[in-house]
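Report on one structure; see the data block that follows.
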Amino acid sequence: MAKTCLCLTGKTIAQNLNALEHYRNRIDMCELRVDFLEAQEQFLIRSFPEKAGMPVILTVRRRTDGGRFDSGEGVRLVILAKGLAYADVERRKNFAYVDIEHDLHIQAIEEAARTFGTRIIRSIHCLNGLPANLPAVWDDLSSRQGEIPKLSVQTKGIGDAETLFRFFSARPHEEERIITGMGDYGFCTRILSDWMGSAIRYHSAAKAGFEPAAPGQLDPFTMAEVYRGSEPKPGWYLYGLLGGPAVIGSLSPGLHNAGFSRIGLPSLYLPFPADDLDAFLRLAELLPLKGFSVTVPMKERILARLAERSPEVDEIGACNTAVRTAIGWSGYNTDAVGFRKSVLEFMGTSSLRGVKACIIGAGGAARAVAYALHELGAKACVINRNMSKAKRLAEHYAMPWAGMAEKAVDLLERHNELIVQTTSVGMEGGPPGDPIDWYEFTGSEALFETIYNPAETPLLKRAREAGCKATNGLGMLHAQAAAQFRLFTGMEYPAASSQS
Ligand code: ATR
């Protein structure tokens, strides 16, 4: 099983030792990143392993390999030699590992390491993406007896993660090795280090205020709270979240994994930011994934790859859930179900028959909302910036529609018992502002904002200040995730109180 290693990127030895105390119960080992230390501290490293009281990797990473060290090779070698010198027969006082780059071959250093039981990690950092000749690079890296080869690749697309999984799943897992895909697209290689046969998983001390040593490193607390820590192992069922880079910060992994954990299911859910749907689907076969959620911008693109679709998917024209079946991926849409459950709770009713409602927006989320409002019997209209999209969505359900701004005021005033905001305006990472800043609340409207991050958009704040009953999209997120959980597992999403 991969060891959990904390990368210490403090400026001083004392800061690093403090951080270790914070994480001690969560980690197996640490890496002292000498290149992050202030210059005068870089020579005070010899006693660090004894003070740390756990296995330590000694690393002095050059800038050209993605580190911070730029004082030249002479000084770097002195630091490495200093770290390995005066080695103690009591091995716990020595560095357990030293990271030496693939192009550094100094016999004296290697000999010193071997003599006093310091394992050599032979590393290569491919900052410009996957090497074209991966097999040759790996053969060279792993050819030296007794050393642990380490490959770190800055992933340029989900296809790089696929290549890494494909290449390493075909090699014996008994071989000791470390493989990391850096960056957003490599996120899955970090979470699934045991699937890669990687011996060490590197983590940042972000919650202690430390910088990550490499892009994509997770804090061990996040790993434990969101991704079930080091529990998951090959053989567990895997589920994914397919979408843009924002999926890494999504609340969905926390929701699904908490559900799996409460029931005791050997299952793990993780995000896959993807730029290439085909490469993602190949990776989904390779792992294999049992199901996945789909979010922006893949909800429509996935349609052509589904073996079958639910009536909601056809009606809404978007799929947010794919489940593996004998004939391929079955597509579902739980957004409408989630909205329906959440809006009825919010309105404190079991039907919206006759309720005058307005949908702001005409994108994927709006289509699910329009479908649900239509089913619930509301008298809804559609207002959207792009008028032809508003018209297309509204006419499908024989609803009135308008473009944004002045002309819409009239329509909104006639449909203001329930306002459902579905655009990305006000969302974290989306266009800033309030999509209907031209509308003045009377205080009697109910506002349903589908955005949940931030918890309060400018629109939601304005509605609350005007005295409106208002909610964000958290309830909808939970309800649609519960419906997905049912599709994935065949079980009800467990309430938090059932946690053992
Ligand atoms: P989703 O699947 O999350 O609904 P989408 O299909 O891309 O995403 O739809 C985004 C919605 O936000 C659309 O209604 C879009 O309006 P347009 O159809 O006019 O593009 C709306 N939107 C995005 N940026 C906006 C902005 N700056 N002002 C107003 N509406 C905006």
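The values are calculated or read from the model by the stated rules, or taken from the named source; none is laboratory data. Computed from a predicted structure; not experimentally measured. Note that we place each Cβ from the backbone using ideal geometry, even for glycine, and neighbour counts take in every protein chain shown. Just so you know, the surface numbers come from the protein's heavy atoms only, side chains and all, with ligands and any DNA or RNA stripped out. Shrake-Rupley method; radii C 1.70, N 1.55, O 1.52, S 1.80 Å.
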Return the whole-Å distance between the Cα centroid of segment 9-29 and the Cα centroid of segment 424-500.
38 Å
Where does the chain land at 222 nm, in deg cm²/dmol rounded to the nearest 500, when only DSSP H runs of n ≥ 4 count, each adding -39500 (n - 2.57), divided by all residues?
-10000 deg cm²/dmol
In percent, how large is the relative contact order of segment 348-474, given Cα pairs closer than 8 Å and 6 or more residues apart?
21 percent
Expressed as a percent, the portion of alpha-carbon pairs in segment 158-301 spaced more than 19 Å apart is 50 percent
Using only Cα atoms, figure out Rg for segment 313-428 and give it as a multiple of 2.2 N^0.38 Å.
1.10
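Nearest 5 percent is fine: what portion of the DSSP beta bridges confined to the chain is antiparallel?
On the way: 8 of 75 bridges.
Roughly 10 percent of the DSSP beta bridges within the chain come out antiparallel.
P(r) tail for the chain, what percent of Cα pairs lie past 41 Å?
Value for the chain (Cα pairs over 41 Å): 32 percent.
Calculate what fraction, in whole %, of the accessible area of the chain sits on carbon and sulfur atoms when a 1.4 Å probe is rolled over the protein chains. Don't skip to the answer; put the middle values down first.
Details: 10750 of 20810 Å².
Reported share for carbon and sulfur atoms: 52 percent.
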Using the Kirkwood formula over every pair of different C-alpha atoms, what hydrodynamic radius in Å results for segment 118-194?
12.6 Å
If the chain between residue 111 and residue 24 were fully stretched, how many nm would it gain, using 0.36 nm times the residue separation less the Cα-Cα distance?
28.2 nm
After finding the eigenvalues of the alpha carbon gyration tensor for segment 227-342, what semi-axes result from the square roots of 5 times each, listed largest first in whole Å?
22, 17, 14
Just to check, using Stokes-Einstein with a Kirkwood Rh over alpha carbon pairs, what's the diffusion coefficient of segment 358-500 at 10 °C and 1.306 mPa s in µm²/s?
100 µm²/s
GluC sites (Glu not before Pro) lying in DSSP loop within segment 1-52, provided at most 14 other Cβ fall within 10 Å
38
Multiply the residue gap between residue 496 and residue 171 by 0.36 nm, knock off their C-alpha separation, and tell me the result in nm, one decimal place.
112.9 nm
Heavy-atom surface of the chain, accessible at 1.4 Å and reported per residue (Å²)
42 Å²
Specify the inter-centroid distance of segment 41-74 and segment 76-99, based on alpha-carbon positions, in whole Å.
10 Å
Dipole magnitude of the chain about its Cα centre (Cβ charges: Lys, Arg +1; Asp, Glu -1), debye to nearest 20
520 debye
Write out the trypsin sites (Lys or Arg not before Pro) in segment 61-149 meeting two conditions: DSSP loop, and at most 14 other Cβ atoms within 10 Å of their Cβ.
144
Sorted largest first, the Cα spans of segment 3-226 on the principal axes come out in Å as 44, 41, 32
